[in-house]
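Asker: Just dropping this structure here.
The values are calculated or read from the model by the stated rules, or taken from the named source; none is laboratory data. Bear in mind the structure is a predicted one, so any value in this text is a computation, not a measurement. Please note: Cβ atoms are built from the backbone with ideal geometry, for glycine as well, and neighbour counts cover all protein chains shown.
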Amino acid sequence: MLENVRVALLDIDGTLCRGASAIAGAAEFVERIRDRKIRPVFFTNNATRTPEQVVSYLASCGIGAHIDEVCTSAQFAAHIIAKRVGERAKVAYIGQSGLEQALSEQGCVLVRPPSKPELGGDRGVRHAAEAAVMGLDPTATYATLAWFCHQVVGIGWYMLTNNDARFPSDDGFVPGNGALGSFVTTATGIKPVVAGKPNPDFVRYTLERFSAEVDEAVVIGDNGATDIRAGLAAGVLTIQVRSGVPLPTEGSEADFVVDSVADL
């Protein structure tokens with residue numbers, strides 16, 4: 001099934017790793033596709049880590065990767081914002097180092113939450129930002145979310161790096177960025193623009209970065225609603241693995257389904 005493939009877009013959480021460990025056979029699978037002259041691209045909705053941190057995390061799981069093989073939803077979100085708002089755009093954000101670095105590399109001016117945001121007032125900063133983006137931040141508080149909502153109302157739109165409601169952990173799952181986004185949408189009445197999977201433009205952006213055509217790529221992931229739906233919408237071959245958190249996949253049936261990347 002991978003005979004004509006030059007680039008494999010590999011989801012990480014639930015596909016290659018779960019928590020602090022690699023899924024059995026994942027490291028061997030990555031080396032196997034390298035031997036087949038297929039370039040692995042670590043194609044992740046996780047916006048918390050920088051590419052350097054992704055490589056370090058994969059190494060801790062026993063999987064070899066290079067910085068220039070990483071493509072994150074934070075990078076694509078920053079790319080969209082720079083295209084939409086322009087260079088040196090002032091961007092309000094909630095997120096961790098992965099999003100911060102991606103925005104900075106695009107030349108954006110970061111508008112950070114105050115260290116002690118006050119409820120019920122924005123102290124004149126509502127209109128300071130030209131764009132707003134949210135990536136997962138487990139340290140976010142009610143007050144910082146309220147601050148972010150003020151920014152969103154002032155701007156009139158906002159972006160989520162990804163809309164994953166949850167993601168796999170060592171002992172089940174934890175709430176994802178989509179859960180935080182639901183808070184903002186409920187409070188503001190404004191629906192987000194979602195950069196990451198299932199947005200097929202994230203696939204197209206990645207293929208352009210790696211100079212690959214649609215018929216030369218495969219998307220491999222565990223989540224039918226994000227990984228597989230993005231690949232299908234972009235016209236790319238898709239393979240779903242059953243090693244992550246099972247989610248409904250109606251309308252997003254992969255071209256192939258296997259138990260694990262160890263079976264490929």
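Asker: Every residue in the range 31-59 that is in contact with a Phe, Trp or Tyr (Cβ under 9 Å, 6 or more places away or on another chain) and in a helix (DSSP H, G or I), please.
Answerer: Pro51, Val54, Val55, Leu58
Asker: Run Asp215 past the list (1) surrounded by 16 or more Cβ atoms within 10 Å (Cβ to Cβ); (2) in contact (Cβ under 8 Å) with a residue 40 or more places away in the chain; (3) part of a helix (DSSP H, G or I); (4) in the same structural domain as Glu31 (by TED's automatic domain parsing) and report the number of the one that doesn't hold.
Answerer: (1)
Asker: Consider Asp13 carefully, then state whether it is on the phi < 0 side of the Ramachandran plot, in contact (Cβ under 8 Å) with a residue 40 or more places away in the chain and not assigned by TED's automatic domain parsing to the domain that holds Asn162.
Answerer: Taking the combined requirement at face value, the residue satisfies it.
Asker: May I ask you to say which residue of Cys61, Cys108 is among the hydrophobic types (A, V, I, L, M, F, W, C), more than 15 Å from the chain's Cα centre (by Cα) and assigned by TED's automatic domain parsing to the domain that holds Ala131?
Answerer: Going through Cys61, Cys108 in turn, just one is among the hydrophobic types (A, V, I, L, M, F, W, C), more than 15 Å from the chain's Cα centre (by Cα) and assigned by TED's automatic domain parsing to the domain that holds Ala131: Cys108.
Asker: What are the residues in the range 233-260 that are of a type in the set (Val, Ile, Thr), within 20 Å of the chain's Cα centre (by Cα) and modelled with pLDDT of 80 or more, if any?
Answerer: Val236, Thr238, Ile239, Val241, listed by residue number.
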